[in-house]
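A.B. asks: Dropping the structure in here first, questions after.
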Amino acid sequence: MNALGLVEVPSATAAIDCLDIMCKAANVEFVTWERKLGGRLVTIIVTGSVDAVTSAVEAADKAVKRPVSKAVIARPHEETARLVMLSASRLQKGKEALH
């Protein structure tokens, strides 16, 4: 994992729009998302090279609703990566439960 990009937006709809913009702007891959406060805050997490993640996070400003907060973590510590992968595994389990 070269870098992580985190963008927090104020709704699920804004999160989907933001993710689409980020993926079109740079070569990044969606990892997971976290919803808080009943979906009123959604954090999108992407991964890729530091340059690609930085470009994607900057492009998020063009989303329907501006991000509440955003961050780029270059070369995340293994514990940080583990936390993100835990979130991603919960997302995967949810997908499997639907099938």
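The values are calculated or read from the model by the stated rules, or taken from the named source; none is laboratory data. Predicted model only: the values in this text are computed from it and were never measured. Because the Cβ atoms are built from the backbone with ideal geometry, glycine has one as well, and the counts that use them run over all protein chains shown. Protein only, heavy atoms only, side chains kept; ligands, DNA and RNA dropped before computing areas. Shrake-Rupley method; radii C 1.70, N 1.55, O 1.52, S 1.80 Å.
A.B. asks: Any idea how far apart H77 and K62 come out in nm if each label point goes 7 Å out from Cα toward Cβ?
C.D. replies: Taking the simple label geometry, H77 and K62 are separated by 3.5 nm.
A.B. asks: Could you grab the Rg to Rh ratio for the chain? Cα atoms only, Kirkwood for Rh. It would help to have the intermediate numbers written out before the result.
C.D. replies: Details: Rg = 12.8 Å, Rh = 13.4 Å.
Taking Rg over the Kirkwood Rh, I get 0.96.
A.B. asks: For V50 and A12, what is the calculated FRET efficiency with R₀ set at 35 Å and r taken between the beta-carbons, to the nearest 0.05?
C.D. replies: 0.80
A.B. asks: Amide H of N2 versus every other amide H placed in the peptide plane: which residues, excluding those fewer than 5 positions away on the same chain, fall under 5 Å?
C.D. replies: Hits under the 5 Å cutoff: G48.
A.B. asks: Keeping every protein chain in place, order C18, C23 by accessible area at 1.4 Å, biggest value first, i.e. largest first.
C.D. replies: In descending accessible area the options line up as C23, C18.
A.B. asks: Follow-up question, since we're still on this one. What order do you get for 56-63, 67-74 when each peptide is scored by the mean count of other beta carbon atoms within 10 Å, highest first? The partial results should precede the final answer.
C.D. replies: Working: 56-63: 19.5, 67-74: 15.4.
Highest to lowest by the protection proxy: 56-63, 67-74.
A.B. asks: Sticking with this structure for a sec: Leaving out ligands and nucleic acids, and using a 1.4 Å probe, what accessible area per residue does the chain come to in Å²?
C.D. replies: Working: 6060 Å² over 99 residues.
Computed with neighbouring chains in place, this is 61 Å² per residue.
A.B. asks: Something else about it: Please give every one of the aspartates and glutamates within straight-line cross-link reach of K36, meaning a C-alpha to C-alpha distance under 13 Å, and leave out same-chain neighbours fewer than 8 residues apart.
C.D. replies: Cα-Cα hits under 13 Å: E8.
A.B. asks: If you roll a 1.4 angstrom probe over the protein chains with everything in place, what fraction of the accessible area of the chain belongs to carbon and sulfur, to the nearest %?
C.D. replies: Working: 3330 of 6060 Å².
Reported share for carbon and sulfur atoms: 55 percent.
A.B. asks: To continue, here is another question. Work out how much length R40 to A88 would gain on full extension: take 0.36 nm times their residue separation and subtract the Cα-Cα distance, in nm to one decimal.
C.D. replies: 15.3 nm
A.B. asks: Determine the shape class of the range 1-54: with a ≥ b ≥ c the square roots of the Cα gyration tensor eigenvalues, call it rounded for a/c under 1.5, and otherwise prolate if a/b is greater than b/c, oblate otherwise.
C.D. replies: Details: a/c = 2.92, a/b = 1.82, b/c = 1.60.
Because a/c hits 1.5 or more and a/b exceeds b/c, the range 1-54 counts as prolate.
A.B. asks: Using the membrane-span-like helix rule (whole DSSP H runs, Cα extent along the own axis of at least 15 Å, mean Kyte-Doolittle hydropathy at least 1.0), which helices of the chain qualify?
C.D. replies: On the way: long enough: 12-25 (20 Å, 1.09); 78-98 (30 Å, -0.32).
Length and hydropathy pass: 12-25.
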